[in-house]
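In what follows, a single structure is set out as structure tokens and then discussed.
The values are calculated or read from the model by the stated rules, or taken from the named source; none is laboratory data. None of these values were measured; they are calculated from a predicted model. Neighbour counts are summed over all protein chains in view; Cβ atoms, including those assigned to glycine, are modelled from backbone coordinates with ideal geometry. The accessibility values were calculated without ligands, DNA or RNA, using every heavy atom of the protein model including side chains. Shrake-Rupley method; radii C 1.70, N 1.55, O 1.52, S 1.80 Å.
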Amino acid sequence: MKQALAVVAVATATLTAATAATSTARAQNYPTRPITMIVPFAAGGPTDVTARIVGENMSKTLAQQIVIENVTGAGGTTGITRGAQAAPNGYTIMMGHMGTHGAAPALYPKLRYDPTKDFEPVGMAAGTPILIVARKDYPAKDLKEFIAVLKTQQDKANEAHAGVGSVSFTTCTMFNVMIGVKPTRVPYTGTGPVINDMIAGKVDYACDQIVNLVPQIQAGNIRAYAIATPERSPALPEVPTTKEAGLPDYQVSAWNAVFAPKNTPKPVVEKLNAALVKALDDPGTRKRLLDLGGVLPEGEARTSAWLGEYVAQEVARWTPILKAGGAVQADSG
Amino acid sequence: MDSFIGNLELGFSTALSLQNIALCFAGCLIGTLVGILPGVGPIATIAILLPLTFQVDPIGALIMLAGIYYGAQYGGSTTAILVNIPGEATSVVTTLDGHQMARNGRAGIALGIAAIGSFFAGTVATLVIAALGVPLTRLALVFGPAEYFSLMVLGLAFAVVLARGSILRAGAVIFIGLLLATVGTDLQTGDERLTLGMVDLMDGIDFAVLAMGLFGFAEILRNLDNPETRDVVQAKIGKLLPSKADFKQAALPVVRGTLLGGALGILPGNGAVLGPFASYTLEKKISRTPRRFGNGAIEGVAGLESANNAGAQTAFIPLLTLGIPPNAVMALMVGAMTIHGIIPGPQVMTKTPGLFWGMIASMWLGNLMLLIINLPLIGLWVRLLKVPYRLMFPAILLFCCIGIYSINNDPSDVLLTAFFGFAGYAFYRFGFEPAPLLLGFVLGKLMEEKLRQALILSRGDFGTFVTSPVSAGLLLLAVLVIVVAIIPTVRKGREEAFQE
């Protein structure tokens, strides 16, 4: 019996060693087959577009195709849950997001992953700035006046968002909490219908990503009060920053970053990070991301370690805001 | 008028370049094939093919992607007619009379009239977009939550008329459809509803899952159970092209369907879905022989196929002129445009007129190509019916499974479809029809969303649905439709029309 056990133990040990050896060898040759990048949102949305633009260039560098797989649902957490549980071999990676890796722990008490523990951060891809916009005839000429009007209006004002957990929902929760208003919040199922009803004057204001808004603002269909970045956007040079407009603490961006499942070998993560950084330096890729109004990471912000710290900061920042905004579900699980 | 012609000239000069003609053809061909494969929808296809378009200029890429979209609408009808499986929400009603025509040995005629009706609708819709696209955008803006809700109520009224048998049974089935639509995460609170604790149900049930199950899988079970019915389809092939009499019968329904479908297609929030249902209801109501509907009436195919295609085209209006996508496929087109460095919006027309008009011209060209691709293929498709069923049904099942998996890359969707397959078979055995259920399901989601938005905006006041003239008018129309549908039931009972 003891002998049998010993044989099993030796066999197991050999097997483990062999697996470890092959996985190291595999990591060195990585990648030898196409890589799947899970995008937790629908094809065509800002995160998907960012993933496809960056992924195309990374494919060239890695000499293997990066295949985008859109796994949607539950504010992006369905796709990220699947990504977190995937084999940590570098062949399944994912495009995480401000929502899935920042706001999700506060929004979904039954979340099956921990943004700070269950991933190997690869690197920041691009962020999209958030704008505060209102219907074009809203009676306020600048952000200060707008905030004052909202304060007197309180729940008489209608704020539209693209669904609980969406970027427009979380970022506007932050805005509302910060200026101390409790508007009537009207839920939609996407940004398109929000903009439609705002142009029609049926809702008052919203917060959303710049890429969805630029053409409407340029055409004068809706009015932009401020952009929540330190500097003005070249796409909308006339829109003041929140700092200029008097709400300097409102700094928020819908960032997109590449993650791998926890325990993905370090050499693999390094290779992916190098490919990502190369994509961000490629003039063609850069131009396409900037044309979308994107903000690209520079210097230290491109490293895996920086992303890991940033995720921890984001989770710590969003949880109290969303709780104060009354957006957190009662823990039923 | 001069500028109209000048613009079209600019458009055709763009669309008629060799490269763009080739891309348009490729798009239409891929679209047709994708539409024919049950379950594989245009969304998955466009998403998969998006990277391939990186190499081409934006206009070429968009022409091809648009071709896939309306090509899929064409192809979807083929599957609906031949094997009774609606590939798209819009071809659900096509199964009613289209498949009956196939059973009567008129598959070729059904396919032919669908193709020709669609071409006519596509041509008219293209002209409408070119001439009136900009002013029509206003229509999309008139429709707020309250108006949209009332439109959905009208849609539900159509569902009652759609039913072949007892109104009570139809009502029950619609209600089940509405209930199924409430599964998933609550819009306002984010709480899970009726998910039985299953994560896979958190985002509700996908339309394709329900449709493939209730129609595709259930149809196979039904055919295996009852060998005679499927042999009927095989025995009779009949003529391939519609006769003069067929054309005469189909002409007015095509025109009415085009107008109805085109108008509904402009609305935000996937108004195009309603087009075929509305057209079918209209044709059945104004027909002197409504009893033929459900038993292979050509008007039932011609009208709604035109409505379907007209709606598919006019859905581009809000996208091209306003930059707002009215449905999921158009949202994907927004993504495709942004990837190619064009941010869709009101400025597309003025900043890149070549792209705007080129795309419109290519739509007409694409419709012409679809006609050229599809008419010769009719013979081939009809011959497909001769394939022994024991070979046919595993192939259909396989394609259904691939298609369903491809929607969301989720294996649990396939299992859910199997469940709905059994449910659909049970419905059939107990004499309930699945088509009104699907309509109830499609409308249910939008209806709840719009109802809640309207009531939040009015602070709980139901008066909001009657103070808006558009909304009040639609509600009145809905009441009228139901009354007209109920009167004959009250008078003589409609049970006699219900037989398979």
Worksheet, complete the sentence: If we keep only residues of the stretch A:78-109 that are more than 17 Å from the chain's Cα centre (by Cα) and either over 16 Å from A:ASN263 (Cβ atoms) or among the aliphatic types (A, V, I, L, M) (or both), then the residue nearest to the other protein chains (Cβ to nearest Cβ) is A:PRO109
Item to complete: Among the residues of the stretch A:87-118, write down those that are open to solvent by 20 Å² or more (accessible area, probe 1.4 Å) and aliphatic (A, V, I, L, M).
Response: A:ALA87, A:LEU111
Item to complete: Would you mention how many residues in the stretch B:333-350 are outside any helix (DSSP H, G or I), more than 7 Å from every other protein chain (Cβ to nearest Cβ) and hydrophobic (A, V, I, L, M, F, W, C)?
Response: 1
Discussion item. Filter the stretch B:411-467 down to the residues that are assigned to a helix (DSSP H, G or I) and aromatic (Phe, Trp, Tyr) and list them by number.
Written reply: B:PHE419, B:PHE420, B:PHE422, B:TYR425, B:PHE427, B:TYR428, B:PHE441, B:PHE465
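Taking the condition closer than 21 Å to A:LEU289 by Cα and within 8 Å of chain B (Cβ to nearest Cβ), does A:ILE53 pass?
So A:ILE53 passes the test.
Search the stretch B:286-318 for residues being more than 20 Å from B:THR258 (Cα to Cα) and without any contact (Cβ under 8 Å) to a residue 40 or more places away in the chain, and hand back the single one that is nearest to the other protein chains (Cβ to nearest Cβ).
B:PRO290
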Fill in: From the options B:GLU449, B:GLU433, residue that is surrounded by 20 or more Cβ atoms within 10 Å (Cβ to Cβ), within 24 Å of B:THR90 (Cβ to Cβ), within 14 Å of chain A (Cβ to nearest Cβ) and charged (D, E, K, R)
B:GLU449
Worksheet item: Going through the stretch A:249-283 one residue at a time, which ones are open to solvent by 80 Å² or more (accessible area, probe 1.4 Å) and either closer than 18 Å to A:GLN64 by Cα or among the small types (Gly, Ala, Ser) (or both)?
Response: A:GLU270, A:LYS278
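Examine the stretch A:238-251 for a residue that is within 14 Å of another protein chain (Cβ to nearest Cβ) and touching a residue at least 12 places away in the same chain (Cβ under 8 Å), and state whether such a residue exists.
no
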Item to complete: Taking B:TYR405 as meeting all but one of (1) more than 21 Å from the chain's Cα centre (by Cα); (2) surrounded by fewer than 21 Cβ atoms within 10 Å (Cβ to Cβ); (3) in a helix (DSSP H, G or I), write down the number of the exception.
Response: (1)
Worksheet item: Among the residues of the stretch B:143-200, how many are at the interface with chain A (Cβ under 9 Å from one of its Cβ atoms), of a type in the set (Val, Ile, Thr) and closer than 27 Å to B:ARG459 by Cα?
Response: 2
Practice prompt. Check B:THR350 against each of (1) touching a Cys at 6+ places or on another chain (Cβ under 8 Å); (2) among the hydroxyl-bearing types (Ser, Thr, Tyr); (3) open to solvent by 60 Å² or more (accessible area, probe 1.4 Å) and name the one condition it does not meet.
Written response: (1)
Fill in: Subset of the stretch A:82-101 (residues that are small (Gly, Ala, Ser), touching a helix residue (DSSP H, G or I) at 6+ places or on another chain (Cβ under 9 Å) and either over 21 Å from A:GLY45 (Cβ atoms) or free of Cβ contacts under 8 Å to residues at least 40 places away in the same chain (or both))
A:GLY90
Discussion item. Out of B:VAL273, B:VAL255, B:VAL233, I need the residue that is open to solvent by less than 50 Å² (accessible area, probe 1.4 Å) and either modelled with pLDDT of 70 or more or among the polar types (S, T, N, Q) (or both). Which one?
Written reply: B:VAL273
Worksheet item: Quick one: would you say B:ILE21 is out of contact with any Phe, Trp or Tyr (no Cβ under 7 Å at 6 or more places or on another chain), part of a helix (DSSP H, G or I), farther than 19 Å from B:LEU368 by Cα and open to solvent by 10 Å² or more (accessible area, probe 1.4 Å)?
Response: no
Worksheet item: Is it the case that some residue within the stretch B:46-68 is under 14 Å from the mean Cα position of the chain (by Cα), in a helix (DSSP H, G or I) and farther than 21 Å from B:ASN223 by Cα?
Response: no
Worksheet entry | Count of the stretch B:163-190 residues which are open to solvent by 70 Å² or more (accessible area, probe 1.4 Å) and not in a helix (DSSP H, G or I) | 1
Practice prompt. For the stretch A:140-154, enumerate the residues that are outside any helix (DSSP H, G or I) and either at pLDDT 95 or above or open to solvent by less than 70 Å² (accessible area, probe 1.4 Å) (or both).
Written response: A:ALA140, A:ASP142
Worksheet entry | Candidates B:ILE402, B:ILE407 - the one that is in contact with an Asp or Glu (Cβ under 8 Å, 6 or more places away or on another chain) and farther than 18 Å from B:HIS99 by Cβ | B:ILE407
Worksheet entry | helices (runs of 4 or more DSSP H) wholly inside the stretch A:235-333 that include at least 3 residues being within 30 Å of A:TYR91 (Cβ to Cβ) | A:266-281, A:283-291, A:304-324
Discussion item. Can you say whether A:ASN196 is polar (S, T, N, Q), open to solvent by 20 Å² or more (accessible area, probe 1.4 Å), farther than 17 Å from A:ALA140 by Cβ and within 11 Å of another protein chain (Cβ to nearest Cβ), as far as the supplied structure shows?
Written reply: no
Worksheet item: Inside the stretch A:284-304, can you point out the residues that are modelled with pLDDT under 95, open to solvent by 40 Å² or more (accessible area, probe 1.4 Å) and over 12 Å from A:ILE53 (Cβ atoms)?
Response: A:VAL295, A:GLU298, A:GLY299, A:GLU300
Fill in: the stretch B:8-24 residues that are closer than 15 Å to B:THR352 by Cβ, paired with ones that are open to solvent by less than 40 Å² (accessible area, probe 1.4 Å) and of a type in the set (Ser, Thr, Tyr) (beta carbon under 7 Å, 6 or more apart)
B:ALA15/B:SER362; B:ASN20/B:THR14; B:ASN20/B:SER362
Item to complete: Take the residues in the stretch A:158-193 that are open to solvent by 20 Å² or more (accessible area, probe 1.4 Å) and under 20 Å from A:PRO109 (Cα atoms), then tell me which one is farthest from the other protein chains (Cβ to nearest Cβ).
Response: A:SER166
Worksheet entry | Residues satisfying the stated conditions in the stretch A:91-110, i.e. at pLDDT 90 or above and in a loop (DSSP other than H, G, I, E, B) | A:TYR91
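Got at least one residue in the stretch B:153-166 being of a type in the set (Ser, Thr, Tyr) and over 30 Å from B:TYR74 (Cβ atoms)?
Yes, the conditions are met somewhere in the stretch B:153-166.
Restricting attention to the stretch A:50-69, report how many residues are within 12 Å of A:ILE93 (Cα to Cα) and open to solvent by 20 Å² or more (accessible area, probe 1.4 Å).
Number satisfying all stated conditions: 3.
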Worksheet item: Across the stretch A:199-221, what is the number of residues that are under 16 Å from A:LYS136 (Cβ atoms), at the interface with chain B (Cβ under 8 Å from one of its Cβ atoms) and open to solvent by 10 Å² or more (accessible area, probe 1.4 Å)?
Response: 7
